[in-house]
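The values are calculated or read from the model by the stated rules, or taken from the named source; none is laboratory data. Keep in mind that this is a model prediction, so the values were computed, not measured. Because the Cβ atoms are built from the backbone with ideal geometry, glycine has one as well, and the counts that use them run over all protein chains shown.
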């Protein structure tokens, strides 16, 4: 797994490394957020279970009115970065 700050590594690998280290402890099948069906462990195939064009199970106001967890190439249309960037208690990730 590459260092997410290593610009020589492929962007997808860097992003997956960041999400694994910061999110996958909850967002994995055995994790606290397993009911979200959003699994962000590094070795997982990048598909709908990884959040690609996946509608959230229960984001509520945390969705920011956005439709999908991750929209490739469009972070402004993706719930995941919206929640990561927020400081609002009901929106932000822990």
Next on the checklist: Filter the range 46-76 down to the residues that are part of a loop (DSSP other than H, G, I, E, B) and within 23 Å of residue 32 (Cβ to Cβ) and list them by number.
Outcome noted: 46, 47, 51, 54, 55, 56, 57, 58, 59, 64, 66, 69
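Taking the options 73, 51, 61, name whichever one is on the phi > 0 side of the Ramachandran plot and loosely packed, with under 14 Cβ neighbours inside 10 Å. Explain how you work it out, then say what you get.
On the way: 51 fails: loosely packed, with under 14 Cβ neighbours inside 10 Å; 61 fails: on the phi > 0 side of the Ramachandran plot.
None of the other options fit; the residue is 73.
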Checklist entry - Counting just the residues of the range 3-16 that are surrounded by 14 or more Cβ atoms within 10 Å (Cβ to Cβ) and at pLDDT 85 or above, which one comes out nearest to residue 46 (Cα to Cα)? => result 16
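Can you confirm whether residue 31 is assigned to a loop (DSSP other than H, G, I, E, B) and at positive phi? Show your work before the answer.
On the way: assigned to a loop (DSSP other than H, G, I, E, B): yes; at positive phi: no.
No: the conditions fail for residue 31.
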